[in-house]
Amino acid sequence: MFYGFYFMLVLGIESSCDETGVALYCSERGLIGNALHTQMAMHAEYGGVVPELASRDHIRRLVPLTQACLAEAGADYGDIDAVAYTQGPGLGGALLAGASYANALAFALGKPVLPVHHLEGHLLSPLLADERPEFPFVALLVSGGHTQFMAVRGIGDYTLLGESVDDAAGEAFDKTAKLLGLPYPGGAKLSELARLGTPDAFSFPRPMLHSHDLQMSFSGLKTAVLTAVEKVRAEHGGIAEQTRNDICRAFEDAVIDVLAAKAEKALRDTSFRTLVVAGGVGANKKLRERLSRLTIRPAQGKGRLKKPAEAVQTYFPPMEYCTDNGAMIAFAGAMRAEQAVAAGGFNVKPRWPLTNIVKSAEAV
Ligand code: KG4
Ligand code: ZN
């Protein structure tokens, strides 16, 4: 559909949860416009995302954000070659707001649309950095809704290696933050307080650390924190600030230990030596430090020759593209340009496993 273009401009629309993102990706110059609005403050009052409010706010923000994005890029509506949008997974109403807008805009411009999988957007977001990973790699998708290891052999070629059997890591961060009385969304705040915590003042379990597979579980960890909090409250009538920081530290250490051990196993199992970390929890500084130092230690065993640990190259998306944004959708859309379809007749997919997406696309 695009053959013959010297370069292509793809507008990306993200509206799967509580961030409205619009970005413009140029196949020649990279990302040239990026506008984002986060609804965090609006939902904070309710302690979590209110789907109906989220949908209405997306509708309010999409047009002004598109205008801001085009202005930043020095582009006009007429310059857009295709409109990419998040088709799923996510909140049904929120997805519909972005999907309707993207289809209406593309229809008005007479241009095609590119339905994008939200997790593919996250997964490819490290390719927006100056230093880009090369295929194949192991991807750790770690967000509020997912914690998965994927073997990535190319665009669209994703094999699920293992995932959380219950809460996602980001969800565990948020729920633990909530029970410690931190404002929504607590993940980032919890991690800030963890920096002030004393190491090993508390110790929480490392769920499924020795499960010999790449499955993970985080809901028990949250319960362990709850038990510790109740014990402290019963003994002291409340929680001192330093004690809360110590609990945050112990919780974060437990999550990171599990993610690092499983990442090492995923790399060992696949024989890949490149790790790519994507999704909101990928913004966690401690996790970034730990995974940047990751090596593959040789298997232990009697009589084996001692081999040195093998080096791993770890890549993260630029900080601003860790959490939801339009840039990753514009980019993923551009990578899948050959799958563009005519605007209209669209549907959204609130539940949609990444392994069910169409394979392969020609990179622009
Ligand atoms: O990818 P994302 O923006 O949305 C989903 O697709 O889920 O991820 C949001 C998640 C939330 O659970 C949030 O608490 C978590 O990422 N998060 C963090 C940090 N920053 C965001 N978790 C731990 N440490 C952080 N610094
Ligand atoms: Zn996300």
Task: Angle between the chain longest axis and helix 92-109 axis [Cα atoms, degrees, rounded to 10] - done: 30
Task: Most fluctuating residue given options Arg293, Arg206, Arg268, as computed from a GNM of the chain linking Cα atoms under 10 Å - done: Arg293
- [ ] Using the Cα centre as the reference, give the magnitude of the dipole from point charges on the C-beta atoms of the range 7-93 (Lys, Arg: +1; Asp, Glu: -1; all else neutral), rounded to the nearest 20 debye.
- [x] 80
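Measuring with a 1.4 Å probe in the full set of protein chains, what accessible area per residue, in whole Å², belongs to the chain? Walk me through the numbers on the way to the answer.
Working: 16200 Å² over 364 residues.
Here the per-residue accessible area is 45 Å².
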- [ ] With springs connecting C-alpha atoms under 10 Å apart, model the chain as a Gaussian network and identify which of Tyr46, Tyr101, Tyr158 has the largest mean-square fluctuation.
- [x] Tyr46
- [ ] Determine ³J(HN,Hα), in whole Hz, for all residues of the range 165-173 in sequence, where each value follows from phi through the Karplus function 6.51 cos²θ - 1.76 cosθ + 1.60 and θ = phi - 60°; x replaces Gly and Pro.
- [x] 7, 9, 5, 6, 4, x, 5, 5, 4
Task: Residues whose placed amide H lies under 5 Å from that of Gly48, excluding near-sequence neighbours - done: none
Open item on the list: Can you tell me, using C-alpha contacts under 8 Å and at least 6 residues apart, the relative contact order of the chain as a whole percent?
Closed with: 25
Open item on the list: Compute the angle between helix 241-270 and the longest alpha-carbon principal axis of the chain, please, reported from 0 to 90 degrees and rounded to the nearest 10.
Closed with: 70
- [ ] Give me the percent of Cα-Cα pairs in the range 212-364 that sit more than 21 Å apart, rounded to a whole number.
- [x] 65
Open item on the list: How big is the range 149-277 along each principal axis, measuring the range of its Cα positions in Å and listing the largest first?
Closed with: 54, 28, 24
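Suppose the chain between Met40 and Thr159 were pulled fully straight at 0.36 nm per residue; how much longer would it get relative to their current alpha carbon spacing? Display every interim value, and only then the final one.
Details: separation 119, 0.36 × 119 = 42.84 nm, distance 3.26 nm.
Length difference between fully extended and current span is 39.6 nm.
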- [ ] Pop out the Kirkwood hydrodynamic radius of the range 138-197 from its pairwise C-alpha distances, inverse of mean 1/r, in Å to one decimal.
- [x] 12.8
Task: Gyration tensor over alpha-carbon atoms, the range 1-128, equivalent ellipsoid semi-axes in Å - done: 25, 14, 14
Task: Share antiparallel - DSSP beta bridges, the range 74-229, percent rounded to 5 - done: 65
Open item on the list: Under the rule of at least 5 residues apart or a separate chain, name every residue whose amide H is placed under 5 Å from the amide H of Ser16.
Closed with: none
Open item on the list: Compute a Gaussian network model of the chain, connecting alpha carbons closer than 10 Å, and tell me which residue from Gln300, Gln67, Gln313 fluctuates the most.
Closed with: Gln300
Task: Expected 222 nm ellipticity per residue - DSSP helices of 4 or more, -39500 (n - 2.57), all of the chain, to 500 - done: -12000 deg cm²/dmol
TODO: Calculate the translational D of the range 79-149 in whole µm² s⁻¹ from Stokes-Einstein, where the hydrodynamic radius comes from the Kirkwood formula applied to all Cα pairs, the temperature is 10 °C and the viscosity 1.306 mPa s.
DONE: 114
- [ ] Please name whichever of Leu109, Gln148, Gly92 sits farthest to the positive end of the charge dipole of the range 74-180, dipole taken about the Cα centre and charges placed at Cβ: Lys and Arg +1, Asp and Glu -1.
- [x] Gly92
Open item on the list: With angles folded into 0 to 90 degrees, how steeply does helix 219-236 sit against the dominant principal axis of the chain? Use alpha carbons for both and round to 10.
Closed with: 50
Task: Top positive-direction residue, dipole computed over the range 120-263 with Cβ charges, set Gly197, Ser211, Ala169 - done: Gly197
Open item on the list: Please report, in whole Å³, the volume per residue of the convex hull around the C-alpha atoms of the chain.
Closed with: 140
Open item on the list: Could you work out the percent of alpha carbon pairs in the range 179-220 separated by over 17 Å, rounded to a whole number?
Closed with: 54
- [ ] Using only Cα positions of the range 48-103, each an equal point scatterer, no hydration layer, compute I(q)/I(0) via Debye at q = 0.20, 0.22, 0.28, 0.29 Å⁻¹ and quote the log10 values to two decimals.
- [x] -0.78, -0.89, -1.14, -1.18
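Could you give the size of the charge dipole of the chain about its Cα centre, using +1 on the Cβ of each K and R and -1 on the Cβ of each D and E, expressed in debye and rounded to the nearest 20?
So the dipole magnitude of the chain works out to roughly 1140 debye.
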TODO: May I ask what percent, to the nearest 5, of DSSP beta bridges between residues of the chain are antiparallel?
DONE: 65
Open item on the list: Could you derive backbone 3J(HN,Hα) for the range 187-204 from the dihedral phi with the Karplus parameters 6.51, -1.76 and 1.60 (θ = phi - 60°), listing whole Hz in sequence and x where the residue is Gly or Pro?
Closed with: x, 5, 5, 4, 5, 5, 5, 4, 4, 8, x, 7, x, 6, 5, 10, 9, 10
- [ ] Taking H placed 1.01 Å from N in the peptide plane, check which residues at least 5 places from Val276 or on another chain put their amide H under 5 Å from its amide H.
- [x] Val138, Ala139, Leu140, Tyr315
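The values are calculated or read from the model by the stated rules, or taken from the named source; none is laboratory data. Being a predicted model, the structure only gives us computed values, none of them experimental. Cβ coordinates were reconstructed from backbone atoms using ideal geometry, including for glycine residues, and neighbour counts include every protein chain displayed. Areas reflect the complete protein model, heavy atoms only, side chains present, ligands, DNA and RNA absent. Shrake-Rupley method; radii C 1.70, N 1.55, O 1.52, S 1.80 Å.
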